[in-house]
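The structure appears below as structure tokens.
The values are calculated or read from the model by the stated rules, or taken from the named source; none is laboratory data. Keep in mind the model is a prediction, meaning the values are calculated, not measured. Virtual Cβ from ideal backbone geometry, glycine too; neighbours counted across all protein chains shown.
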Amino acid sequence: MTEAVLFDIVDEIAVVTLNRPEQRNAINAEMRKALFDAFQRIEAADQVRVAILTGSGDKAFCAGADLKEMAELGLTTIPAGYFPVLGDNVHLSKPVIAAVNGDALAGGWMFAQMCDLCVGSRTARFGITEAKVGRGFPWAAPLIHMIPQRVMAEMLMTGNPISAQRAYEIGFVNRLAEPGDVLKEALKLACEIASCAPLTVAAAKQLIALSTEMGRSAALRAAPFVFDRVYSSQDAQEGPRAFREKRKPAWKNC
């Protein structure tokens, strides 16, 4: 796509790589535009069932916004739609895994947070560090549904990063991997997801979203409508049939 973002499709998995390792994969204008394009391309690609977002190098997944660029622009309030944020200004029906190969700080945490799942390097650090440079983090609002409130409060108010092990313990990271095996572990997780019925996986993502936006009773009432298409699909018949015949299901996504 561009030098700032690399894009590749391997079978049913798209891999998007933040590629400014010398700048700790900081987010600049070129990267922002390329990410919008990459997510649009993933949504349009019928063969893609799962996506992975990772970074180049082993030092940083993403260190956040390019502060040099922000200083030059003199930005005050960040304009709406400035960063591509899944579930906010970017719609993607397919699951996305953050393969956090190094530090995920500030906007790097935001990118890890917006993904559906997260695989982290054991040597990575995770942090919302804006308090240390006088910036804000309105994008962190959904975090209350992901980690305990008092852990969130300490992170936001001190700006202190936490270890990958701590991020795993509080449920922000799904799986830990050795530094050189992060993408490999993310691909393994992606393959596990891609082997499942795509309509059910998409409905699971939708169910999680509505469950965080509604109360318990409202979510229970809405959930059957989410799964109507799943139950009435050809795949819903193919799954039990394949189980009975002791073979791998041939999903048609319909």
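Against the test of being out of contact with any Leu (no Cβ under 6 Å at 6 or more places or on another chain) and over 22 Å from residue 50 (Cβ atoms), the options 155, 146 yield a single qualifying residue, 155. Looking across region 22-34, just one residue is loosely packed, with under 15 Cβ neighbours inside 10 Å and not charged (D, E, K, R), and that is 29. Scan region 114-127 and tell me whether some residue there is assigned to a loop (DSSP other than H, G, I, E, B), in contact (Cβ under 8 Å) with a residue 24 or more places away in the chain and among the β-branched types (Val, Ile, Thr). Yes, because at least one residue in region 114-127 is assigned to a loop (DSSP other than H, G, I, E, B), in contact (Cβ under 8 Å) with a residue 24 or more places away in the chain and among the β-branched types (Val, Ile, Thr). Sub-7 Å Cβ pairs linking a first residue in region 159-181 that is among the aromatic types (Phe, Trp, Tyr) to a second residue that is assigned to a helix (DSSP H, G or I) and crowded, with 18+ Cβ neighbours inside 10 Å, at least 6 apart or interchain, number zero. If you go through region 169-183 and keep only what is within 21 Å of residue 50 (Cβ to Cβ) and surrounded by 13 or more Cβ atoms within 10 Å (Cβ to Cβ), you end up with 172, 173, 174, 175, 176, 177, 181, 182, 183. Is there a residue being outside the structural domain of residue 142 (by TED's automatic domain parsing), outside any helix (DSSP H, G or I), among the hydroxyl-bearing types (Ser, Thr, Tyr) and farther than 30 Å from residue 138 by Cα anywhere in region 224-231? No, because not a single residue in region 224-231 is outside the structural domain of residue 142 (by TED's automatic domain parsing), outside any helix (DSSP H, G or I), among the hydroxyl-bearing types (Ser, Thr, Tyr) and farther than 30 Å from residue 138 by Cα. Is region 196-219 home to any residue that is surrounded by 15 or more Cβ atoms within 10 Å (Cβ to Cβ), outside any helix (DSSP H, G or I) and either at negative phi or in contact (Cβ under 8 Å) with a residue 40 or more places away in the chain (or both)? Yes - at least one qualifying residue is present in region 196-219. Just wondering, is there one or more residues in region 32-44 that are farther than 23 Å from residue 176 by Cα, more than 12 Å from the chain's Cα centre (by Cα) and not in a helix (DSSP H, G or I)? Looking for residues that are farther than 23 Å from residue 176 by Cα, more than 12 Å from the chain's Cα centre (by Cα) and not in a helix (DSSP H, G or I), one finds none in region 32-44, hence no.
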